[in-house]
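Engineer: What follows is a single structure, and I will ask about it in a moment.
Read-outs throughout are calculated quantities, based only on the coordinates presented, and are distinct from any laboratory measurement. In this text, all values refer to a predicted model and were calculated from it rather than measured experimentally. Every residue, glycine among them, receives a Cβ derived from its backbone with ideal geometry; neighbour counts consider all protein chains shown.
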Amino acid sequence: MDDLIKKYNVPGPRYTSYPTVPFWQKPELKLSEWRDTIKRNESFFKDNDISLYIHLPYCESLCTFCGCHKRITKNHSVEEPYIDAVIKEWKLYQKLFNSKKNIKELHFGGGTPTFFQADELIRLLKNIFDSDQIDPENTELSFEAHPNNTTKEHLTKLYTFGFRRLSLGVQDYSPLVQKAINRIQPFEQVKSVHDFARKIGYTSISHDLVFGLPKQKLDDIIDTVKKTIELKPDRIALYSYAHVPWIKGNGQRGFDESDLPKDNEKRQLYEVAKKMLEDEGYIEIGMDHFALPHDNLAIAFKNKTLHRNFMGYTTQNTNFLLGLGMSAISDSWFGFAQNNKSVEGYKELIEQNQIPIFRGHILSDLDLEIRKYILDLMCHFETTFKEDSKYKKLHREIIERLQEMVNDGLVKIENNKVIITDKGIPFVRNCCMAFDQDLPREGERKNLFSKTI
Ligand code: SF4
């Protein structure tokens, strides 16, 4: 395994989208181009189903491992005008849509959603849904909960509105690691939020752990997983720390490069955690995720209905993800659009009654076909080439590019099907790279993507 890690641990995309963001071809996407893709979606799919992601960017302090778009402040007077802007953005989109949308899922991400007072979040929700409460059977509502500032009031008010899912940002329980990443949150703190959420009826609690953090040793991950198992969350995300200081600048310079575990050590952290989780009955799902068999994510994985979008893995297979808020990304299936990446720029455009997008991509027929293959691989570890495709020559080239992974026992090709073997699961990103039509040579990828393993 060590040799394979050495061979395949190269910079590569995480494929939250295809084409990946650095290869989007519209650095200045026009509103008319974006609107056309929305119209195309509406006439093609006709179901009116939509997923909503709302980016809430503020945090009280900076975690040094962070790769998110955020704004650090302790000044809470920013809450009200920001929520006003998001409401206004939603109203601008409502005018653009042909018909009323069915919101199948909504996720609050950040930043720190729980930086905002519960009442501000509820005001936002009431304006989005035009209702005081929604039926959790029809719409899946979830939020990222920071253990240090999620209050009983947040948990209760959001539950009453219809939320049943939350994810707690844990990362690692070691005090040394927590100091290195500037995020001090003892187990008791996480436990108290987790237990209260369970007590009042949240049915899907996720814990987000990270491996490959500065100063993180094998004993730390073992202790972190042990404590996590004690609370039995329904889902666990085990993310690889993505070291991308050329993108995130100072946010990722709070420690020395020599504090990071080396390639093989890092993979060992994952393998040990994975074994512990599987021994407890968790099922590995797609890339970086685990769930107990009763959880919808595990059921969707088993039934091959799992979907993945910019929010991560999801059971709601809508064909339109609308991202609201500063830096949020939308996906109309036929196009991608990203909102302005500064709070000021975003709010200024909203004040001028403009949909605040700045860059994006319009998907070609080839993009759409490759995107489907990559999505299949990321969700189900297999994909089948389309029989009636006009890109058969390309299929043959992809198979050739996969030959080395076939020889190493990581991939199997059966007729028109590409299957990632059990041994190949850690290398799923490498397999997707064989399909990627934009991928530059290895040397040129160095400052674009984190390493694959
Ligand atoms: S990890 Fe979360 S809480 Fe920490 S700075 Fe990043 S967005 Fe904010």
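Engineer: List the pairs from LYS386/LYS412; LYS191/LYS302; LYS6/LYS304 whose alpha-carbon separation is above 22 Å, in the order I gave them.
Structural biologist: Check vs 22 Å cut-off fails for LYS191/LYS302; LYS6/LYS304.
Engineer: Let me ask something else about it. Given a Förster distance of 51 angstrom, what is the FRET efficiency for ASN98 paired with HIS294, based on the Cβ-Cβ distance and rounded to 0.05?
Structural biologist: 0.85
Engineer: What trypsin sites (Lys or Arg not before Pro) in segment 363-453 are in a loop by DSSP, with at most 15 other Cβ atoms within 10 Å of the Cβ?
Structural biologist: Those satisfying the criteria are LYS386, LYS390, LYS423, ARG441, LYS446.
Engineer: Only counting other Cβ atoms within 10 Å, I'd like THR228, THR315, THR160, THR16 sorted with the fewest neighbours first.
Structural biologist: In increasing order of surrounding Cβ atoms, one gets THR160, THR16, THR315, THR228.
Engineer: Can you sort ILE425, ILE350, ILE200 from fewest to most other Cβ atoms within 10 Å of each residue's own Cβ?
Structural biologist: ILE200, ILE425, ILE350
Engineer: Report, by chain and number, residues whose modeled amide H sits under 5 Å from the one on ARG308, excluding near sequence neighbours (fewer than 5 apart, same chain).
Structural biologist: Residues meeting the amide H criterion: THR314.
Engineer: Report the gain in length on full extension from LYS126 to LEU218: 0.36 nm times residue separation, minus Cα-Cα distance, nm rounded to one decimal.
Structural biologist: 28.6 nm
Engineer: Given the C-alpha centroids of segment 337-406 and segment 287-303, what is the distance between them in whole angstrom?
Structural biologist: Between the Cα centre of segment 337-406 and that of segment 287-303, the gap is 24 Å.
Engineer: Show which lysines lie in cross-link reach of LYS7 when reach means a straight Cα distance below 16 angstrom and same-chain residues fewer than eight apart are skipped.
Structural biologist: LYS262, LYS266, LYS423, LYS446, LYS451
Engineer: So which lysines can LYS393 reach, going by Cα to Cα under 18 Å and dropping same-chain residues fewer than 8 places off?
Structural biologist: LYS372, LYS417
Engineer: Another question, then. Counting DSSP beta bridges with both partners in segment 16-324, what percentage is antiparallel, nearest 5? Display every interim value, and only then the final one.
Structural biologist: Working: 9 of 43 bridges.
If we restrict to bridges inside segment 16-324, about 20 percent are antiparallel.
Engineer: So if each residue of separation counts as 0.36 nm, and I subtract the Cα-Cα distance between GLU400 and LYS30, what length gain in nm does that give?
Structural biologist: Net length gain for the segment: 129.4 nm.
Engineer: Arrange the following residues from fewest to most other Cβ atoms within 10 Å of their Cβ: GLU344, GLU144.
Structural biologist: With the sparsest Cβ surroundings first, the list reads GLU344, GLU144.
Engineer: Which of the GluC sites (Glu not before Pro) found in segment 184-286 are in a DSSP loop and have at most 16 neighbouring Cβ atoms, other than their own, within 10 Å?
Structural biologist: Those satisfying the criteria are GLU280.
Engineer: Excluding THR318 itself, calculate the net charge of residues whose Cβ lies under 13 Å from the Cβ of THR318, where each Lys or Arg counts +1 and each Asp or Glu counts -1.
Structural biologist: Net charge around THR318: -2.
Engineer: Shifting gears a bit: Can you tell me which aspartates and glutamates have their Cα less than 17 Å from the Cα of LYS152? Leave out same-chain residues fewer than eight positions away.
Structural biologist: Result set, ordered by chain and number: ASP119, GLU120, GLU144, GLU188, ASP195.
Engineer: What translational D, rounded to a whole number of µm²/s, comes out for the chain from Stokes-Einstein when the hydrodynamic radius is the Kirkwood one over Cα pairs, at 10 °C and 1.306 mPa s?
Structural biologist: For these conditions, the coefficient is 70 µm²/s.
Engineer: Taking 8 Å as the Cα distance limit and 6 or more residues as the minimum spacing, I'd like the relative contact order of the chain as a percentage.
Structural biologist: Details: 797 pairs, mean separation 100.2, N = 453.
Reported relative contact order: 22 percent.
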